[in-house]
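Structure record follows, encoded as structure tokens.
Values quoted throughout were computed directly from the atomic coordinates according to the rules given, and no laboratory measurement underlies them. Keep in mind it's a predicted model, so treat the numbers as computed, not measured. With ideal geometry, Cβ positions are generated from the backbone for all residues, glycine too; neighbour counts draw on all protein chains shown.
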Amino acid sequence: MIRALVGVWLFGGLRMDEIRRLELECVRWDQATDPDKGETYRVCLLHIPANKTTAAFSKPVDPIVGELIDAWKDVRPAQPDITDRNTGQRRQHLFCYRAQLIGSAYLNDKLIAILCAKAGIPESDSRGALTSHRARATIATQLLNAKDPLSLADLQQWLGHKHPSSTRYYAKILQRTLSAAYKKADYFARNVRTIQVLIDRKSILTGAAASGEQPWNCYDLGEGYCSYDFFAKCPHRLACARCPFYVPKTSSRGQLLAVKDGIDEMLEQLNLTDDEPEALEGDREAVTALAERLADTPPPPAPLPGTSERPAPSSH
């Protein structure tokens, strides 16, 4: 019974009251033909009992639901008819054991906690506690987000909503979720990069960095290093060759840095300017245009010998 109950909960898209009131003979098997491949496949139709807002109806569900229900029916002990509290009719209920229906709070208070413990996952997430309604909301958004999504009218019928506004609620959730995902996936993928930074602990501990004798951090640019403290805000990040802070890896200083003891490697996140994403993605025209725009922008001046003063980039 537990397996059938979990299957209906996860894949049926039903309210808890509808799950408890399912009739014993709630599954009907049918066949359909794939219009593209011409192959036939089984269709599981789940009969949903009438409630205060909608009449009884049948809807297609994943065949695993029907298979689990049929498996439970094969071993289910005989049970007496029980009066349905909505219709007043006496009938056989699917989830009935020892002449009683499963409790209305059983799924939320008992079963979900057991399943979470068995799976080793928490009973709540960023959206709150995992409840019986969570599966219904999840499958609704999945049906809207499928490759061939259901229309709002079809989803309204599948969920058994009386009012279209109830169905549009899930569409709004999906829209907000997709908007957030789009923002994260697109904006941050193109406009944020991480760069490796080498931290010279010896320079810091000996005071050489504070006295200006040698840099304490170097940004790995691929072909060389940048020893400028304000690299994250430097306009010449993609045109470093003529900068006094640029250290080619082939130079003796660059080779020494690569094998020097006491170097820690870290990652720093950089926000890119509007021009830099295309240049980083190999757009030659974008690189040329960026270089031309920087032609009149001087690189940061080299620090004065014997001082720790490292000027920040100019505001222009």
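Exactly which trypsin sites (Lys or Arg not before Pro) in the range 66-111 are in a DSSP loop and have at most 15 other Cβ atoms within 10 Å?
Details: sites: Lys73, Arg85, Arg90, Arg91, Arg98, Lys110; in loops: Arg85, Arg98.
Filter output for the range 66-111: Arg85, Arg98.
Give the residue list of GluC sites (Glu not before Pro) in the range 12-64 that are DSSP loop and have at most 11 other beta-carbon atoms within 10 angstrom. Walk me through the numbers on the way to the answer.
Working: sites: Glu18, Glu23, Glu25, Glu39; in loops: Glu25, Glu39.
Listed in order of number, the matching sites are Glu39.
Dimensions of the range 2-132 along the principal axes, based on C-alpha atoms and rounded to the nearest Å, stand at 45, 39, 34, largest first.
Of the trypsin sites (Lys or Arg not before Pro) found in the range 33-71, those that fall in a DSSP loop while having at most 14 other beta-carbon atoms within 10 Å are Lys37, Lys52. For the range 1-132, averaging the sequence separation of C-alpha pairs within contact (under 8 Å, six or more residues apart) and dividing by the residue count gives a relative contact order of 24 percent. Packing, as the average of other Cβ atoms within 10 Å across residues, places the peptides 153-159, 215-221, 78-84 in the order 215-221, 153-159, 78-84, highest first.
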